[in-house]
Amino acid sequence: MDTYLIPAVDAITYGLLLAIAAAGLTLALGAGGVLNLAHGTLLAAGGYVAAATSSGTWTSLALAVVAATAVGAAGGAILAAGTAALAGRGHLHQALLTFGVALIGADLLTTIFGPDTRRPQVPAPLDATLTVAGHRYPADRLAVLAVAVVVAVVGYAVLHRTRAGRLVCATVDDRAMVAGIGVNPRTVDATVLIASGALAGLAGALVTPILGVGPGTADTTLLLSLVIVVCGGLGSVPGAVAAAIGVGLVQTVGVITAPAWAPYLLVAAMALSLLTRRIPLPGARR
Amino acid sequence: MLRINDLTVGHCPDTPVLRSASMVLPPHGVHAVIGPNGAGKTTLLHTIAGHLRPTAGHIVLDGHDITGIRPTRAARTGIALAPQGRLLWPSLTVHDHLAITRPTTRKQDRGQSWSLDQLLDLFPELAGRLRHRAHQLSGGEQQMLTIARALRLAPRLLLCDEPTEGLAPTAAARIRTALAGLPRYGVTVLIALPQTRFATALAHTVHVMTSGRISPALDPEIDDADVLIRRHLGLTTAQPSSGPRSPMAVAAGHQPPTHSRCPSSRDDS
Amino acid sequence: MSTGQSVDAVDCVPSRRTHADIDRAHGTGLTATGLRHCYGKLTVLDLDAFAIAPGDRHAVIGPNGAGKSTLLNLLAGTIGPTTGQITLHAQTITRRRSSWRARAGIGRTFQHPTVYPGLTVLDCVRIGGWHHRHNPHHTPHELLNLVGLAGYADEAAGHLTHGHRRMLDLAVALAGQPRILLLDEPAAGLTDTETTQLLDILTSLPGWLAMVIVEHDMTVVTALADWTTVLHHGRRITDGPTAEVRADPTVAALYLGTPETTDAAHQ
Amino acid sequence: MSVDTLTDLAAGRILRLQRRARPWAGPSLVAVAVAAVAATPDGYLHATVARMLPLALLAVSVAAVTGHAGLPTLGQVAPYAAGAYTTAHLALTGVTLAPAQLLVAAVAGAATAGLLGALLVRYRGTVVLMLSLAAAELTAITAGQWRTVTGGTDGLAGIPAAHLLPGTPALTADRPLLLYAATITVTATTAAACLLRRWQSLLTAVRDNESRAAASGHPTTGYLWITHTGAGALAGIAGALLIHTHRWITPADVGFGTAALALLAVVIGGPRCLPGAATAAVLVLTVRDVAAAPWPGHAPLLLGGLFVAAVYLLPDGLAALPAHLTTVAARRARPAARHTTPPPADRSPA
Amino acid sequence: TTSADTTAVRIGLLVSLSGTYTAVGEDMQRGFRLYLDTHGGKLGGRTIDLVVADEGDGPATAVPAARKLLERDRVVALTGLVGGATVDKVQPLTTERKIPLVGGNARPAFAAVGGKPRDLTYTWHTSYNSDEPGIAIAEYVKTQVTDGTVYAIGPDYQGGWDELRGFTDTFTRLGGKLANPDGKALFTPFPGTENFLPYLNKAAESNPAAVYTFYAGAASVAFVTQYRKSDLADVPLYAAGFLTEGSVLSAQGTAATGVRNVLNYSPTLANTANQDFVAAWSAAGYPGQPTTYAMASYDAAAVLDRALSTVDGPVTGEKLNAAIGTVGRVVSPRGDWQFHPTLHRPVQRWYLREVRPDGPVLSNVLVQDLTTLPAN
Ligand SMILES: Nc1ncnc2c1ncn2[C@@H]1O[C@H](COP(=O)(O)OP(=O)(O)OP(=O)(O)O)[C@@H](O)[C@H]1O
Ligand SMILES: Nc1ncnc2c1ncn2[C@@H]1O[C@H](COP(=O)(O)OP(=O)(O)OP(=O)(O)O)[C@@H](O)[C@H]1O
Ligand SMILES: [Mg+2]
Ligand SMILES: [Mg+2]
């Protein structure tokens, strides 16, 4: 029992950490229908900015969070401008464009911040460990857990409970009729991408103190986020959170229970969850 | 209310669907455009609602030139379109459709405002389906939702493209009553229809549309409905030929072809 | 029956078809027994028996959402029933896919036809008749002529108007040389002339062809069908010869509306 | 003469050429290009081009599945890997006859794709994309883990070269290798294009409206499965070609990165245009490996620039480039027609 | 390529300048350039035309780049090469063309293919074999843990397998026992593992007396910081030196303090060559302290320098290769070393280092000499 207590706690905190990292993509791909392959790069940009800003004090941490969010939002705005001309050309063209942007962005980031792995300094209380049931547990993860819950709740409320959230879905379904009820679909698109970029930037600031940020961060994050968003059912916040915790479980309890199968677990879990899904995903609609 | 002058519009630049079409709609009434398939009724309505850009001509609404405005602006000016082909948002529920659509014009420019309850009174079939997504609705239910959504905008000008298609007679009758009541609230209604009977029973003026041109207004009260229908028919096609025209009819009375009995299951991989 | 009766109270009414009819359908046509279709807890169709023999002209009418399209989808195999059995020529086909059933002679049209937007009109018909390519009697051109789309043969099907798509859908269904044809609101959105033309086409089809027509336009139903089933909330309210069903006061109250609305809608 | 008139002339010339010699324009153009490359004395050039052809053929296979069957896939690296590792093992065990290797690789590829396709063709859209992503990842992981067969994460090196016929010299020299690889690529692409052209209307029908096609008696998933499996054979051949031109392999060559490049090449190449996909793959590799050489470390930047430029400059892909130029020319000649937004009725329903 | 006079000797430097291993690649480029710059841009008295190419993430990009260096630029020697797989695939190319490959980093096992061992005549490395750090530290760890057990953990790829094998084989041969439940080292999926807590907490259950590991780059930052927050925090951590080498150390911060690790170099080595090297490094404006990657590449330049000075007339690959065989003792920041006559890699000393504050910054401070490898 005790063997699995800490891994289980870790599964949830790590899962929610990933949920934060995937939040931007949940909005962009899940709700807004933009296959944004630059998501990982935006997150890395946020991480680098946070690493450059944060110096171990609470003020600098707050500043880092704000700066990272702003940089993410700016990146989202660039993507919004870029994808505006692609409306109606399908996912693959978006993928081509955003992948191109991601490559360019990654090159710029290494040019500006260098190729080294960086980690923002957090205030000492966050860098400490707490003792839970006789085990150590890092305080920073618990802090991120709290933020993740807030982000998830707010995200759920906005996406599933407000008019704005439904307008986003409606725009993906049929832009022309959204215009027909007096809402400019381009505004909806741009808002979605800017908000998604801001979320990615914010995630960068929150995640990198724990995992660090380097040239490989963008790819790893993108892959995990894609898995979470698609397994979560595209655009459903509870689904994404559930999928993130599922990934967290696989990556913690799963890998130590069956270490021999560790490399396969994540991908296999994703494939299984897609294969056994009864209701077709909205994205599968033709 | 709405004046259309020499409107030319098409889906590709070289082949206009409407050619110098003109029409004047007096305010506060129900008006119908009737015409055969392919006459350009849908094209006309989409052009007024801003989904298509005319290449020539003018559309004037209440003295304002609205030629070529974007659909968003059109909706904010008080134009609502209930399109043909039920362009709903498949991933949204019925309730969401009606909840996110709200009047976008200033209060004094609005037509009749419909609350959710009023719309459900009009379409009781939808009441039990509020939590269903649009793609789970039956054809007729989708049609109802399309019209309910348009009404929800409280437009001054309501464009209905074949509103009763696929509706059961009772539901069609309810819509007819609802549309007939709208002019009292200062709403102008323009309906596109392929059949004459609904139009003559409901509309104050009827325009006949053939191959991209619109006839002057006809008043079904004054003009004899039969004359109107005959004129309409005369304009559309030659007399339908009599006698069997089907190649299958050649085989009529014979036994069904035996070569296509149940195929073996192997074929169906 | 009083007109004010709650419809939900009406239980499945047994079909009035004679045993001889049903036996004939069982041996040579399409039958369905105990057919039920549910979406989650919502039962949208619940029919004890349904039978079509060769040559039947069978109309299914009912209010919106009654389950008419669902019935056609089940018969054509587009969706699978929750419970129940479907037979064709006394052979159980409940688990067969729609493509298999189509090749076995069950053709259909769709309530919301789009056909194949990316192909030309002519190619659409060719695809419909792919399994009968060598039959000299039914060239795609002849079928297009029949439905009045000969002039559009080389247009993209996606550019057709709504009414034309419906006619094209019919042509595609006919190209498959069905022995049982399921038509979902074939006259919706057609002009009066075209409705007449459609009736012309449908009445001129060979006598052995069985037809199930879902339609709201009672003139079409009256002109075509010799037997009519009325559905409401997925259940059969009544069935019988078309003229009798039209005269039934329950049907009038439920479906056709009060006499004056009936008149207004169908002068 | 102004630049504008020159462009106009060029566009007109291209259009006329296209009209006159459309069916064989593509293959003959490629043949001329390959011959021109082969005629140069530059071994580096030969080897460089030859090395790009396996990915080009892989892109063709992806184009068949993505464009024609409408299933956006990253999973064609699985049959690619099957073909490549099978060929490598044949070569290591002494079977160096190229035709035999190609045949076995094609069978291995088809078998892998057949198994994978049995799962994939039941899904559509994003689900296919993600499932095939899983397939690509699983392929690379397996290639890294199954050390006895694949040589682990560092892969296999020093694989013996193939022989065209018994007794002929091994295919190691650059020019023969280029000619061989080009022949295989062009032949396979042309054959696939011809086969697909024959069934094109059926596949379009399935993509456009599956329930209508099924209601006309077409076993739709069966068609998709056959296309997927056939494309798998093509990917298997591409895998064999990878071994023939590189003579080494690592798990990264059959992983997500390769799959993504192939899929993006298909997008650049244009929907449903197999030669376009192959050309785009060559273009992508040229930018990454050749054009970026003077700026070491900035190949991703150039590649990113290429992708972004392709999105805007080639909205319908390389395949439509000549036609695109023609419209530009035509627009120069006439005053611009006003753009119309498509009416909502144009869209396919949910 | 820079324009060079006719006597210039062209040398290819193939390192990762994009992708995951960029930090190592840049360090190697700095090391090589530092030697050139401190020697007037000349090696062996000849002007050097250095052509840099990007290795990227592995052979897929590295092999085209290597071919370009070999066939377009016609370099007489190829140096650099970050990844083991890259070396494995480029080595046949250089051997075929009789161009010396003077690798500055990974040296894979060069698995025999088709029963034939690889021809290593033209293959040299100024670095080490991947299993050597583990071999070098095993004995020391054994003495430290006395009767306790050691938990071994590393990344699941060829480099990780080699590094861990070096340690576990030697350690068990010396009578040590692994704490891992199945007696075999644990491998974590690579890349992609960024959450090491579950592994570490699981390892803590076996109550090891010490942990031995190898990670590099981003994974090492995550590993070290999470180690200090896991149940293992108080268990001594031993590692191959790459765990705390170079820029990752500043990202790890104080979490790395006390990590004892083994490497062939420490910036705090007291020999003059090293003092000059570290001073030149700072003078050149490069960040932080020099790393083993930079040092090995610096030595590759030194080897080429000495070899070129003995070549008469026009330089060819064959002549240069023969000259490399005769360079003898190389004076190096890591202490003097020479090539093993048949293995073509350095016979060098290995050092135990500990992460400690060295002035204001953390540094891998030399603790003691361990051993000389390869033995004999
Ligand atoms: N997307 C399109 N692209 C090209 N041509 C089109 C398109 N949509 C319609 N057309 C053409 O425009 C003409 C008019 O079409 P429209 O839809 O306005 O007719 P309609 O009167 O509404 O017919 P229906 O009663 O069948 O709906 C037709 O000839 C049709 O072929
Ligand atoms: N996928 C689905 N999920 C849930 N409910 C569904 C689904 N498809 C249909 N329904 C419901 O089943 C009922 C019957 O639908 P059906 O399409 O058969 O009606 P219909 O009789 O053809 O009506 P109409 O005349 O309006 O076309 C409808 O109330 C509809 O809401
Ligand atoms: Mg229309
Ligand atoms: Mg229906």
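Pull up region C:175-190, narrow it to residues that are farther than 24 Å from residue B:167 by Cα and facing another protein chain (nearest Cβ under 7 Å), then point me to the one that is nearest to ligand 3 (Cβ to nearest atom).
Out of the qualifying residues, it is C:176.
Within region C:184-216, how many residues are surrounded by fewer than 21 Cβ atoms within 10 Å (Cβ to Cβ), within 16 Å of ligand 1 (Cβ to nearest atom) and either farther than 30 Å from residue B:208 by Cβ or touching a residue at least 12 places away in the same chain (Cβ under 8 Å) (or both)?
2
Would you be able to tell me the number of residues in region A:138-151 that are within 14 Å of another protein chain (Cβ to nearest Cβ) and crowded, with 21+ Cβ neighbours inside 10 Å?
Counting residues in region A:138-151 that are within 14 Å of another protein chain (Cβ to nearest Cβ) and crowded, with 21+ Cβ neighbours inside 10 Å gives 4.
Consider residue A:154 carefully, then state whether it is loosely packed, with under 15 Cβ neighbours inside 10 Å and under 17 Å from residue A:25 (Cα atoms).
So residue A:154 passes the test.
Would you mind listing the helices (runs of 4 or more DSSP H) fully within region D:112-226 where at least 2 residues are closer than 30 Å to residue A:267 by Cα and more than 12 Å from chain A (Cβ to nearest Cβ)?
In region D:112-226, D:147-150 are the helices (runs of 4 or more DSSP H) which contain 2 or more residues that are closer than 30 Å to residue A:267 by Cα and more than 12 Å from chain A (Cβ to nearest Cβ).
Identify, from the list B:149, B:133, B:106, B:156, the residue that is within 16 Å of ligand 2 (Cβ to nearest atom) and of a type in the set (Lys, Arg).
B:133
Would you pick out the residues in region B:4-14 that are within 16 Å of ligand 1 (Cβ to nearest atom) and part of a strand (DSSP E or B)?
If the condition is that a residue be within 16 Å of ligand 1 (Cβ to nearest atom) and part of a strand (DSSP E or B), then B:4, B:7, B:8, B:9, B:10, B:11, B:12 are the ones that fit.
Restricting the search to region C:14-65, which residues are among the hydrophobic types (A, V, I, L, M, F, W, C), farther than 17 Å from residue C:80 by Cβ and more than 16 Å from ligand 4 (Cβ to nearest atom)?
C:20, C:22, C:25, C:49, C:51, C:52, C:53, listed by residue number.
What residue, of C:87, C:161, is at pLDDT below 95, more than 16 Å from ligand 4 (Cβ to nearest atom) and closer than 23 Å to residue C:235 by Cα?
One residue alone meets the criteria, C:87.
How many residues, within region B:191-209, are away from ligand 1 (no atom under 13 Å from the Cβ) and closer than 24 Å to residue B:113 by Cβ?
Here the count works out to 3.
Checking residue B:17 against (1) more than 10 Å from every other protein chain (Cβ to nearest Cβ); (2) part of a strand (DSSP E or B), only one condition comes out false. Which one?
Only one criterion is unmet by residue B:17, namely (1).
Condition first: among the polar types (S, T, N, Q), on the phi < 0 side of the Ramachandran plot and more than 14 Å from chain B (Cβ to nearest Cβ). Can you find one or more residues in region A:188-195 that meet it?
Yes, there is a match, as at least one residue in region A:188-195 is among the polar types (S, T, N, Q), on the phi < 0 side of the Ramachandran plot and more than 14 Å from chain B (Cβ to nearest Cβ).
Which pairs do you get when a residue that is within 7 Å of chain A (Cβ to nearest Cβ), found in region D:301-320, comes within reach of a residue that is in a helix (DSSP H, G or I) and basic (Lys, Arg), reach meaning Cβ atoms under 6 angstrom, with the pair 6+ apart or on two chains?
Within 6 Å, the pairs are D:303/D:288.
Please go through region A:10-46 and pick out each residue that is in contact with an Asp or Glu (Cβ under 8 Å, 6 or more places away or on another chain) and under 22 Å from residue B:89 (Cα atoms).
Listed by number, the residues that qualify are A:32, A:34.
Pick from region C:30-46 the residues that are at pLDDT below 90 and assigned to a strand (DSSP E or B): which of them is farthest from ligand 1 (Cβ to nearest atom)?
C:42
Do you know which residues across region C:158-171 are without any contact (Cβ under 8 Å) to a residue 60 or more places away in the chain and either away from ligand 3 (no atom under 15 Å from the Cβ) or in a loop (DSSP other than H, G, I, E, B) (or both)?
Listed by number, the residues that qualify are C:160, C:161, C:171.
Taking the criterion of being under 24 Å from residue B:163 (Cβ atoms), hydroxyl-bearing (Ser, Thr, Tyr) and within 13 Å of ligand 1 (Cβ to nearest atom), would at least one residue in region C:144-159 satisfy it?
No, because not a single residue in region C:144-159 is under 24 Å from residue B:163 (Cβ atoms), hydroxyl-bearing (Ser, Thr, Tyr) and within 13 Å of ligand 1 (Cβ to nearest atom).
Only one of these conditions is not met by residue B:45: (1) within 16 Å of ligand 3 (Cβ to nearest atom); (2) part of a helix (DSSP H, G or I); (3) farther than 30 Å from residue B:138 by Cα. Which number is it?
It fails just one condition, (3).
To keep it simple, each residue is scored yes or no on (1) within 16 Å of ligand 4 (Cβ to nearest atom); (2) closer than 19 Å to residue C:58 by Cβ; (3) surrounded by fewer than 22 Cβ atoms within 10 Å (Cβ to Cβ).
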| residue | (1), (2), (3) |
| --- | --- |
| C:77 | no, yes, no |
| C:80 | no, no, yes |
| C:91 | no, no, yes |
| C:94 | no, no, yes |
| C:99 | no, no, no |
| C:109 | yes, yes, no |
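Taking the criterion of being in a loop (DSSP other than H, G, I, E, B), over 21 Å from residue E:7 (Cβ atoms) and either touching a residue at least 24 places away in the same chain (Cβ under 8 Å) or of a type in the set (A, V, I, L, M, F, W, C) (or both), would at least one residue in region E:321-330 satisfy it?
Yes, that holds for at least one residue.
Name every residue in region D:157-204 that is of a type in the set (Val, Ile, Thr) and out of contact with any Leu (no Cβ under 7 Å at 6 or more places or on another chain), in order of residue number.
Hits for region D:157-204 are D:168, D:172, D:183, D:186, D:187, D:190.
May I ask you to verify whether residue B:80 is assigned to a helix (DSSP H, G or I), within 16 Å of residue B:109 (Cβ to Cβ) and hydrophobic (A, V, I, L, M, F, W, C)?
no
Quick check on region B:97-140: of everything there that is hydroxyl-bearing (Ser, Thr, Tyr) and within 9 Å of another protein chain (Cβ to nearest Cβ), which residue is surrounded by the most Cβ atoms within 10 Å (Cβ to Cβ)?
My answer is B:101.
Looking at (1) more than 16 Å from ligand 2 (Cβ to nearest atom); (2) assigned to a helix (DSSP H, G or I); (3) in contact (Cβ under 8 Å) with a residue 24 or more places away in the chain; (4) out of contact with any Pro (no Cβ under 7 Å at 6 or more places or on another chain), find the lone condition where residue C:181 falls short.
The failed condition is (2).
Report, ordered by the first and then the second residue, all pairs with beta carbons closer than 6 Å, sequence separation of six or more or different chains, a first member in region B:75-87 that is facing chain A (nearest Cβ under 7 Å) and within 15 Å of residue A:184 (Cα to Cα), and a second member that is of a type in the set (Gly, Ala, Ser) and part of a loop (DSSP other than H, G, I, E, B).
Listed by first residue and then by second, the contacts come to B:75/A:182; B:76/A:182.
Say we look at region C:191-231 and pick out the residues that are in a strand (DSSP E or B) and at the interface with chain B (Cβ under 10 Å from one of its Cβ atoms); which of these is nearest to residue B:196 (Cα to Cα)?
Here the residue is C:214.
For a quick check of your reading: which helices (runs of 4 or more DSSP H) sit entirely within region A:94-174 and have at least 3 residues that are under 17 Å from residue A:210 (Cβ atoms) and among the aliphatic types (A, V, I, L, M)?
By residue number, A:139-161.
Report yes if some residue within region A:227-241 is away from chain B (no Cβ under 14 Å), without any contact (Cβ under 8 Å) to a residue 24 or more places away in the chain and touching a Gly at 6+ places or on another chain (Cβ under 9 Å); otherwise report no.
no
The values are calculated or read from the model by the stated rules, or taken from the named source; none is laboratory data. What you see is a predicted model, and the numbers here were worked out from it, not measured in a lab. Reconstructed Cβ throughout: ideal geometry from the backbone, glycine too, with neighbour counts over all protein chains shown.
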